[in-house]
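I have placed the structure first, in the form of structure tokens, so that the comments after it can refer back to it.
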Amino acid sequence: MPLTVSFAAKFPAKCDCAIFAAGRDLKPDLSALSKGAADLVRGAIKSAKNFKGESGQALSVPLPKNNFAARAIVIGLGDLKKADAVSLEKAGGRTFPPLNAAGAESAAIFLPKKLDGVAAHFALGLRLRSYTYHAYKGKDAKAKLAKKPKPKKVTVIAGKTAAASKHYKRLAAGAGGVEFARDLVNMPPNDLYPDSYAKTIAKELKPLGVQVEILDDKKMKTLGMGAALAVGQGSARKPRMVVMKWNGAKGKAKSAPIAFVGKGVTFDTGGISIKPSAGMEDMKMDMGGSAAVVGLMKALATRKSRANVVAIVGLAENMPSHNAYRPGDVITSMAGKTIEVLNTDAEGRLVLADALTYVQKKHKPKMIIDLATLTGAIMVGLGFEYCGVFANDDKLWGAMEKASEKTGEKIWRMPLDEAYRKEMESNIADLKNLGSLGRWGGACSAAGFLEHFIDEKVTWSHWDIAGTAWNKSDKPVTPKGGTGFAVRALDQLVEDSYE
Ligand code: BES
Ligand code: MN
Ligand code: ZN
């Protein structure tokens, strides 16, 4: 259960913890406390010489009995002049560990008055950071976890409570999408495989009013999806494509939709070009692009977006076996282009190629964004902070950059170029799935490969989320594991540019 968030003008009669946010001036609004308690907190701030109100800093102070809260946590906001939605989300997220460590189940949050307009973002950060994935703990561990005190209910003290509640409701739709995407990424690959994944998508999205169509391997064959099918042919779990439709543009049901496409490799062993075993377990996250797309659809439907959106995720398991595709094979994609397979570990682009073709043929979208944990090379270039984004349209890039700045999901523009496209041409087939330069510029040549499957005049962007879909360790608002990266930025993009 996500954290329950409410907004009130006055602090509650009783709660476990009062959170006071303060900038470098070290002057939190302590008016809710008795004079004695306020003095105690001020004294604690003074004596903790390392506490400077910087973002990331927290100071926990037990309060005397006669106060409404048992404990105060002072949380640093850094430079108050620079405080905005994103920095407040981070501060909210960073409040979770000390709150949890204190065993506090309820909390009241006091922010500097001038931040009233972005108060909902503090609560959002706290909620996103409080995410846990315990579905696979054993019975005893689950019972223990259920008994352990943890933050459940927070009340944000705000001037304009109705406006703040409305604001949070909007943000919570995005958070629900993020949490669903994380659940999907965190799920073990013996339980999340193409067919089970497809059914999970339908079960979650249909009740929200999203049309969901599952294309099974037979249907994919009749459609000629030879590239996506090749990737999955070594596995006992057959590939699927899932098409999702949300028609939110009232009276404009026929207006061209925007499209989202996701790579959903439920486990990537590398296939016959097998990966080294160290760390291979993380390759359950190779469906992160599809999870972001599915999470986005959940967010859009939850908040009843007024846009027409179609989404497709290509689901396959990349396994070595006697049935597996081989390096050297030449396969035929749905677009009719033949592809020489040089490395079975460059499988994501093959799945995407057919998904991109299908969505363009069938739905004629005016704009397409695909998301994929596509290359290790993007992690070499950008690490885990920035997502590499390719775009064939400056206006779209500008809109994406703005949206991502609003949600704090950082993107960096990468180049599309004729040379990268050329690099993917094969001697014996139309294309090859590994560039002539091998790993050098691998994220760019992968994008160059995808570009061969984009129709002329279609506005398109490719997000390589290999470095941002998965956290090795906790970050301010994204705990370890699946991150749900891109759900909120794309939800924001749809709202700002297509509604
Ligand atoms: N799923 C991987 C990329 C990846 C690596 C995602 C690490 C997340 C973390 C992808 O299918 C892959 O194996 N790419 C190869 C491509 C190469 C063979 C051209 C890579 O990046 O090494
Ligand atoms: Mn691979
Ligand atoms: Zn992969």
Phi-derived 3J(HN,Hα) across region 376-386 with the Karplus relation (6.51, -1.76, 1.60, θ = phi - 60°), rounded Hz, x for Gly and Pro, is x, 4, 5, 6, 5, x, 10, x, 10, 8, 10
For region 343-409, shape from the Cα gyration tensor axes a ≥ b ≥ c, cut at a/c of 1.5 then a/b versus b/c, turns out oblate
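Go through region 397-499 and name the trypsin sites (Lys or Arg not before Pro) that are in a DSSP coil and have 10 or fewer other Cβ atoms within 10 Å of their Cβ. Can you show the working numbers first?
Details: sites: Lys402, Lys406, Lys410, Arg413, Arg421, Lys422, Lys432, Arg439, Lys457, Lys472, Lys480, Arg488; in loops: Lys410, Arg439, Lys457, Lys472, Lys480.
Answer in residue order: Lys457, Lys472.
If I take every Cα pair under 8 Å that is 6 or more residues apart in region 163-277, average their sequence separation and divide by the length, what percent do I get for the relative contact order? Kindly include the intermediate steps, with their values, before the conclusion.
Details: 68 pairs, mean separation 30.0, N = 115.
Averaging sequence separation for qualifying contacts and normalising by length gives 26 percent for region 163-277.
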Calc'd 3J(HN,Hα), region 84-95, phi into Karplus 6.51 cos²θ - 1.76 cosθ + 1.60 (θ = phi - 60°), Hz, glycine/Pro = x, comes to 9, 4, 5, 5, 5, 4, 4, 4, x, x, 6, 6
By the mean-Cβ-within-10 Å protection proxy, highest first, 342-349, 143-150, 9-16, 204-211 rank as 342-349, 204-211, 9-16, 143-150
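Given Cα pairs under 8 Å that are at least 6 residues apart, what percent is the relative contact order of the chain? Write out the running numbers ahead of the final one.
Numbers: 1168 pairs, mean separation 76.5, N = 499.
Taking the mean separation of contacting Cα pairs over the length of the chain, I get 15 percent.
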Mean separation of Cα contacts under 8 Å (at least 6 apart) over the residue count of region 266-391, i.e. the relative contact order in percent, is 31
Helix-only [θ] at 222 nm, the chain, -39500 (n - 2.57) per DSSP H run of 4+, per residue, nearest 500, equals -11500 deg cm²/dmol
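Going by a ≥ b ≥ c, the root eigenvalues of the Cα gyration tensor, does region 4-157 fall in the rounded group (a/c under 1.5), the prolate group (a/b larger than b/c) or the oblate group? Mind dumping the intermediate values first?
Numbers: a/c = 1.72, a/b = 1.39, b/c = 1.24.
Cα axes put region 4-157 in the prolate bin.
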Which residues qualify? For Val261, with a placed amide H closer than 5 Å and at least 5 residues away or on another chain, they are Ile312, Ile369, Asp370, Leu371
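Going by how many other beta carbons lie within 10 Å of each one, how would you line up Tyr131, Tyr136, fewest first? Provide the component values of the computation, followed by the final result.
Numbers: Tyr131 23, Tyr136 11.
Lowest count first: Tyr136, Tyr131.
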If each part is reduced to its alpha-carbon centroid, region 216-271 and region 385-451 end up apart, in Å, by 21
Checking rank on 72-80, 237-245, with mean other Cβ inside 10 Å and highest first, the result is 237-245, 72-80
Distance in Å, no decimals, from the C-alpha centre of region 69-110 to the one of region 167-202 is 27
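Mind checking region 390-469 for GluC sites (Glu not before Pro) that DSSP puts in a loop (not H, G, I, E or B) and that have at most 14 other Cβ atoms within 10 Å? Each step should come with its number before you reach the end.
Values: sites: Glu401, Glu405, Glu409, Glu418, Glu423, Glu425, Glu451, Glu456; in loops: Glu409, Glu456.
Qualifying residues, ordered by number: Glu456.
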Tilt, helix 442-451 to longest principal axis of the chain (alpha-carbon atoms), in degrees rounded to tens, equals 60
Karplus-derived 3J(HN,Hα) from phi for region 300-305 (6.51 cos²θ - 1.76 cosθ + 1.60, θ = phi - 60°), whole Hz, x at Gly and Pro, runs 4, 6, 4, 9, 6, 3
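Let a ≥ b ≥ c be the square roots of the eigenvalues of the Cα gyration tensor of the chain; is it rounded (a/c under 1.5), or, if not, prolate (a/b larger than b/c) or oblate?
Values: a/c = 2.16, a/b = 2.01, b/c = 1.07.
Judged from the Cα gyration tensor, the chain comes out prolate (a/c at least 1.5, a/b above b/c).
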Going from the fewest other Cβ atoms within 10 Å to the most, one would list Phe20, Phe384, Phe453 as Phe384, Phe453, Phe20
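We did not get these values from a lab; they are worked out from the coordinates using the rules stated. Only a predicted model underlies this, so the values are computations on that prediction, with no experimental measurement involved. Quick reminder, even Gly has a Cβ in these numbers, built from the backbone with ideal geometry, and neighbours come from all protein chains shown.
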